[in-house]
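Structure first, commentary second.
The values are calculated or read from the model by the stated rules, or taken from the named source; none is laboratory data. Please read all numbers here as calculations on a predicted model, not as lab measurements. Methodologically, a virtual Cβ is constructed for each residue, glycine included, from the backbone with ideal geometry; neighbour enumeration extends over all protein chains shown.
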């Protein structure tokens with residue numbers, strides 16, 4: 001039966017389908033992964049030689065005999081072996097395929113022996129030249145065409161009668177070159193996809209490891225930051241004080257403090273109260289918060305007058321504020337004997353005083369700019385009298401600027417209504433009511449900013 005090019009191509013394509021499927025499954029094994037990771041064991045190399053050699057044998061067995069020549073894909077296995085595993089595996093697979101073809105006899109048996117060995121050798125050389133990496137699919141196609149053309153030329157020159165040269169070229173050589181090239185392209189694409197999968201997996205593992213490491217560091221930072229906040233709130237006779245800070249992230253820039261001042265010489269029973277909000281978020285804000293809190297607390301032990309405390313703290317903080325960060329801060333001193341509070345508001349949200357007897361409210365406006373902006377900033381202080389039943393509410397903007405699903409803010413009015421709806425509760429109860437109201441208002445909307453509250457109730 002006369003064989004044409006189309007029939008030859010169909011026959012060879014059926015052959016490479018089996019080879020490609022088997023080779024694909026094998027590339028997913030741990031043995032081939034050793035090759036991709038560039039540390040194959042000797043036993044793995046031997047196994048690879050046998051596997052790709054068997055594919056070369058299959059290429060001969062499934063071939064079609066035509067005028068003494070065999071239409072086959074014998075070179076595909078050794079060529080793939082050389083391109084992916086190097087010259088040792090490529091030559092070894094070629095020798096297995098070559099010896100088997102030689103045992104079949106025929107006028108093309110010697111070229112049939114040379115062809116797979118040469119294909120494996122040249123492919124292995126390309127592997128070494130490319131620094132033991134698989135060349136791109138486009139270069140693999142070019143390489144396959146050149147090698148198969150060379151092998152076909154040798155076979156034609158050595159064993160083909162002159163009268164059959166044209167027929168062998170058109171019916172045997174061209175289909176073998178074409179289909180072997182297709183097989184190399186498909187396999188090269190499979191391997192490159194596998195390499196991409198490995199790279200993506202490694203990048204994912206690296207990213208997950210980095211995220212885990214950073215999460216661990218953040219947890220440590222959060223624990224350190226929590227240690228800066230008072231574990232228990234010191235109390236002063238005649239007052240109830242409750243405070244809390246809820247960072248939006250693992251660490252935040254809000255902080256509060258309650259500082260006993262009775263160690264200051266000649267002072268009466270006095271208590272320093274502090275609430276502050278560092279510009280920015282995350283770890284930088286947390287570090288700046290730690291610095292600011294320590295400086296203000298130390299300054300409060302050196303100076304007696306609030307404006308001097310904040311002025312001194314500002315000089316130090318501004319000198320260290322190279323990143324442009326600053327702190328809005330409210331610092332007040334409660335006097336037990338005189339029932340008053342002397343304070344400095346350095347650009348912070350005005351604290352609110354709810355008067356117990358009249359039901360009126362007062363806001364303690366700013367008496368100076370935020371700390372850390374100007375190293376020579378001047379601060380004034382103000383004084384407010386306190387009576388039984390009064391409630392002092394200090395907060396950061398994470399409370400009033402909390403948003404809901406409609407992007408509405410909680411705002412000061414809702415904050416005031418929350419306090420006035422149950423003014424008879426303890427300081428802790430009032431604080432908890434505010435927190436519940438804020439989160440009920442926000443609903444499913446994530447917390448955007450740190451929430452810090454301090455409630456002081458005059459008894």
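Between 11, 3, the distinction of being outside any helix (DSSP H, G or I) and either under 25 Å from residue 192 (Cβ atoms) or modelled with pLDDT under 80 (or both) belongs to 3 only. Is it true that some residue in the range 299-311 is more than 35 Å from the chain's Cα centre (by Cα), surrounded by 16 or more Cβ atoms within 10 Å (Cβ to Cβ) and closer than 11 Å to residue 374 by Cα? So far as the range 299-311 goes, yes, one or more of its residues are more than 35 Å from the chain's Cα centre (by Cα), surrounded by 16 or more Cβ atoms within 10 Å (Cβ to Cβ) and closer than 11 Å to residue 374 by Cα. Checked against (1) under 43 Å from the mean Cα position of the chain (by Cα); (2) touching a residue at least 24 places away in the same chain (Cβ under 8 Å); (3) buried (at least 20 other Cβ atoms within 10 Å of the Cβ), residue 392 passes all but condition (1). Can you confirm whether residue 140 is in contact with a helix residue (DSSP H, G or I) (Cβ under 6 Å, 6 or more places away or on another chain), in a helix (DSSP H, G or I), assigned by TED's automatic domain parsing to the domain that holds residue 52 and surrounded by 14 or more Cβ atoms within 10 Å (Cβ to Cβ)? Yes: the conditions hold for residue 140. If you check 51, 73, 57 for being closer than 21 Å to residue 112 by Cβ, touching a helix residue (DSSP H, G or I) at 6+ places or on another chain (Cβ under 9 Å), at pLDDT 80 or above and not in a helix (DSSP H, G or I), only one passes: 73. Scanning the range 431-459 for residues that are surrounded by fewer than 16 Cβ atoms within 10 Å (Cβ to Cβ) and in a loop (DSSP other than H, G, I, E, B) returns 443, 444, 445, 446, 448, 459. Give the range 408-423 a look and list any residue that's over 15 Å from residue 457 (Cβ atoms) and either modelled with pLDDT under 90 or in contact with a strand residue (DSSP E or B) (Cβ under 8 Å, 6 or more places away or on another chain) (or both), or say none. Those that are over 15 Å from residue 457 (Cβ atoms) and either modelled with pLDDT under 90 or in contact with a strand residue (DSSP E or B) (Cβ under 8 Å, 6 or more places away or on another chain) (or both): 409, 410, 412, 415, 416, 421. Of the residues that make up the range 78-100, is at least one modelled with pLDDT under 75 and not in a strand (DSSP E or B)? No, the range 78-100 contains no residue that is modelled with pLDDT under 75 and not in a strand (DSSP E or B).
Inside the range 395-414, residues that are buried (at least 20 other Cβ atoms within 10 Å of the Cβ) and more than 18 Å from residue 330 (Cα to Cα) make up a count of 2.
Within the range 321-348, restricting attention to residues that are within 36 Å of the chain's Cα centre (by Cα) and in a loop (DSSP other than H, G, I, E, B), the residue that is nearest to residue 459 (Cα to Cα) is 348.
Residue 372 meets each of the listed conditions (1) buried (at least 16 other Cβ atoms within 10 Å of the Cβ); (2) under 21 Å from residue 447 (Cβ atoms); (3) in contact with a strand residue (DSSP E or B) (Cβ under 6 Å, 6 or more places away or on another chain) apart from (2).
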